[in-house]
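> First the structure, which I've put down as structure tokens, then a few questions once you've had a look.
The values are calculated or read from the model by the stated rules, or taken from the named source; none is laboratory data. These numbers were taken from a predicted model, which means no experiment stands behind them. Neighbour counts are summed over all protein chains in view; Cβ atoms, including those assigned to glycine, are modelled from backbone coordinates with ideal geometry. Just the protein is used for accessible areas: all its heavy atoms, side chains included, with ligands, DNA and RNA removed. Shrake-Rupley method; radii C 1.70, N 1.55, O 1.52, S 1.80 Å.
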Amino acid sequence: MNMVIKMNKVPEEVIDRLLSTSDIVDVISEYIQLTKKGRNFFGLCPFHGENTPSFSVSQEKQIFHCFGCGKGGNALRFLMEIESIHFTEAIQLLARKSGEEISGEWLIQPQESYYSEEQEGVLQAYDWSAKLFHHVLKHTADGKAGLNYLKKRGFEPDTIEEFQLGYSPDRNEFLAAFLKGKGYELEQLADYGLVQSTNQGSYYDRFKDRVIFPIKNHQGKIIAFGGRAFKEHQEPKYLNSPESKLFHKGRVLYNFHLARKHFQKEKEVILFEGYMDVIKAYQAGVYNAVATLGTSLSETHAKTLKRYVKQAVICFDGDDAGRNASFKSANILRQAGLEVRVAHIPERQDPDEYIDRYGGEYFKQKVLQPAQTYIAFALEYYKKDYNLNLDHDRIAYIEKALDIIATSEYPVERDFHLKELEDTFHLNRETLMDEIEKRTSRIKKSVKVKDKRGGTNVQTGMPRKNEKLYAAHHTAERNLIAHMLRDADFAETVQQRLGSAFNIQEHQVLVTYLYAYYEEGNEPNVSQFVERLPEEQYKQLAIEISLKEINDDLEQNELEDYFLAIEKESDIDQEIRALEIMLKQAERENDPKSAARIGMKMLELRKKSNISKLT
């Protein structure tokens, strides 16, 4: 992480107010799909790959924690991680989301960056380039041809503005000269695809005489360009920036930064093949649309989408290549756990052309809404591989169809397609049902084996919490801190009895900060408390302990047991440390008898300590 300039400290009252007026469930639901189970919400962790939910959000405590990778925190910490932004930026983003108006000198300070100094410079260069191309398109004679092309294709002025569309003039060094004049090193920019280099060491424009489509990452920063040719005999028709340290086609989805805001409402994503389709659909009111960028859908793409939505509608071109790509993408999405539907565009058109010809509403009603389920699409897709006029091909197709139908989780859907097979091929229903039963049984066994390997609970689908086994005194300290985080009066009771005399050093630090937090007059609030902690390890420890399942009402005898376990360990540790000093002294004085006697005493105490750890 690269620090640009040191910033002023954000006032604690601002942080507290924002956290108290924001609901962490609402904030996180904009980024991942959450399901309530018991008192908490669960979803797929956006910070590491997983197939079963281990990411927990507590609405009561206003914190999140992943049992898989260990990340946790409040709404601000989540925004910092998911958006790759600094704390001050997270404050401003949370304020916008909650409708808060905040001000202060710290808001306008230069901020930390999660990008290297080199990458920060490149991002600025991309931003300058996008502004230049956009200006040329809208306000110069050079851009008139590009602007006319976009208008002819049905792109409205607001759409051109929203997506910052531009035009790169038909000149070899237009952009290169502009960026050089801004002080950028062209050699460095060539590594990131902004310009191209020749063997002679000069640089020229990559996208000349093309309409420009800025490509943004999931945080909304421009990291690449797409160039669309619009004149005859100009090849290739589409040209994207090459992959770089900032731009990975297998990770980035076009328009994701805008579409993400609509995933929660729509509960699904519309997947297109190109940015022209996405923009035209967006203009028609389809806001939850994304596209791959010059490559097929990747597993990373699918896993990213799974965190946000339950369902994906694939809307690729209507030709054979589009159907093949739809089938491949559908299987990748299903493997990631998404429900898939596939839209059919008649007359082998692409979505962009169809919207132009029939309009946005017709596209939604006639293409998106009646999109086929995966099962229906796959059954139809495989028919092309068989000659159904031949007996052996008919049998082979029926076997294949049964394999596909068996993968459906819905009995009604299975029954519907079995009825189709029965009627089409004049088959016995009981035979079909027996075959489906065999296949579903094999699938269930396969899923159980996979779940066991993946560490999930097959019965509940909930993550298995691999609870560590702690010594008695360690467990007692964690339980006390869990109660202290919930109750200021209880924390005062512990402070009077133990102070900071906990055996675990991390616990000593944590309770010292907790005592200070309550002494300042603050109410129990884990979300706000963690912002007072100095280091990430203490923040994560507080989050982890706060989510422990404990009895709300602690009996006096149970409390006394905790105190005794902690004090007993403390007494033994102090005695062992004293004996260690005596042992060193005996060794220095060359007194083997005393050393042996002290060593035996230490061994007995350590054995006693180990026994206490098991009780």
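> Looking at the range 494-514, which of its residues are free of Cβ contacts under 8 Å to residues at least 60 places away in the same chain and more than 35 Å from the chain's Cα centre (by Cα)?
Of everything in the range 494-514, those that are free of Cβ contacts under 8 Å to residues at least 60 places away in the same chain and more than 35 Å from the chain's Cα centre (by Cα) turn out to be Val494, Gln495, Gln496, Gly499, Ser500.
> Got at least one residue in the range 38-56 being among the aromatic types (Phe, Trp, Tyr), in contact with a Gly (Cβ under 8 Å, 6 or more places away or on another chain), farther than 22 Å from Val269 by Cβ and in contact (Cβ under 8 Å) with a residue 12 or more places away in the chain?
Checking the range 38-56: not a single residue is among the aromatic types (Phe, Trp, Tyr), in contact with a Gly (Cβ under 8 Å, 6 or more places away or on another chain), farther than 22 Å from Val269 by Cβ and in contact (Cβ under 8 Å) with a residue 12 or more places away in the chain.
> For the range 536-551, enumerate the residues that are open to solvent by less than 30 Å² (accessible area, probe 1.4 Å) and among the charged types (D, E, K, R).
Lys539, the sole residue that qualifies.
> So, one more: I'm trying to understand the selection: among the residues of the range 219-263, which are basic (Lys, Arg) and either in a loop (DSSP other than H, G, I, E, B) or surrounded by 17 or more Cβ atoms within 10 Å (Cβ to Cβ) (or both)?
Those that are basic (Lys, Arg) and either in a loop (DSSP other than H, G, I, E, B) or surrounded by 17 or more Cβ atoms within 10 Å (Cβ to Cβ) (or both): Lys221, Arg228, Lys231, Lys237, Lys245, Lys249, Arg251, Arg260.
> Cβ-Cβ below 7 Å, separation at least six or inter-chain, first residue in the range 320-344 and in contact (Cβ under 8 Å) with a residue 60 or more places away in the chain and open to solvent by 30 Å² or more (accessible area, probe 1.4 Å), second of a type in the set (Lys, Arg) and part of a helix (DSSP H, G or I): which pairs?
Gly337/Lys306
> Which of the residues spanning the range 141-168 are assigned to a loop (DSSP other than H, G, I, E, B), in contact (Cβ under 8 Å) with a residue 12 or more places away in the chain and out of contact with any strand residue (DSSP E or B) (no Cβ under 8 Å at 6 or more places or on another chain)?
Within the range 141-168, Arg153, Gly154, Phe155, Glu156 qualify.
> Examine the range 166-173 for a residue that is open to solvent by less than 30 Å² (accessible area, probe 1.4 Å), modelled with pLDDT of 95 or more, under 29 Å from Glu83 (Cα atoms) and within 34 Å of the chain's Cα centre (by Cα), and state whether such a residue exists.
The answer is yes, given that some residue of the range 166-173 is open to solvent by less than 30 Å² (accessible area, probe 1.4 Å), modelled with pLDDT of 95 or more, under 29 Å from Glu83 (Cα atoms) and within 34 Å of the chain's Cα centre (by Cα).
> What are the residue pairs meeting all of these: first residue in the range 515-542, first residue touching a residue at least 12 places away in the same chain (Cβ under 8 Å), second residue not in a helix (DSSP H, G or I), Cβ atoms under 6 Å, and 6 or more apart or on different chains?
Going by the 6 Å Cβ cut-off, the qualifying pairs are Val526/Lys61; Val526/Ile63; Ser527/Gln62; Ser527/Ile63; Ser527/Asn74; Lys539/Leu533; Gln540/Gly72.
> Anything in the range 492-512 that is under 13 Å from Phe563 (Cα atoms), in a helix (DSSP H, G or I) and open to solvent by less than 10 Å² (accessible area, probe 1.4 Å)? List them, or say none.
Val494 - this is the single residue of the range 492-512 that is under 13 Å from Phe563 (Cα atoms), in a helix (DSSP H, G or I) and open to solvent by less than 10 Å² (accessible area, probe 1.4 Å).
> Within the range 387-408, how many residues turn out to be open to solvent by less than 40 Å² (accessible area, probe 1.4 Å) and assigned to a loop (DSSP other than H, G, I, E, B)?
1
> Could you tell me which residue of the range 306-319 is farthest from the chain's Cα centre (by Cα), considering only residues that are open to solvent by less than 20 Å² (accessible area, probe 1.4 Å) and closer than 15 Å to Glu273 by Cα?
The selected residue is Gly318.
> Another question, if that's okay. Please work out if Phe163 is hydrophobic (A, V, I, L, M, F, W, C), modelled with pLDDT of 95 or more and under 29 Å from Gly359 (Cα atoms).
Answer is yes for this residue.
> Which condition number does Asn199 fail, the rest of (1) exposed (fewer than 15 other Cβ atoms within 10 Å of the Cβ); (2) part of a helix (DSSP H, G or I); (3) polar (S, T, N, Q) being met?
(2)
> While we're here: Which one of Leu469, Leu480, Leu533, Leu485 is modelled with pLDDT under 90 and open to solvent by less than 30 Å² (accessible area, probe 1.4 Å)?
Exactly one of Leu469, Leu480, Leu533, Leu485 is modelled with pLDDT under 90 and open to solvent by less than 30 Å² (accessible area, probe 1.4 Å), namely Leu533.
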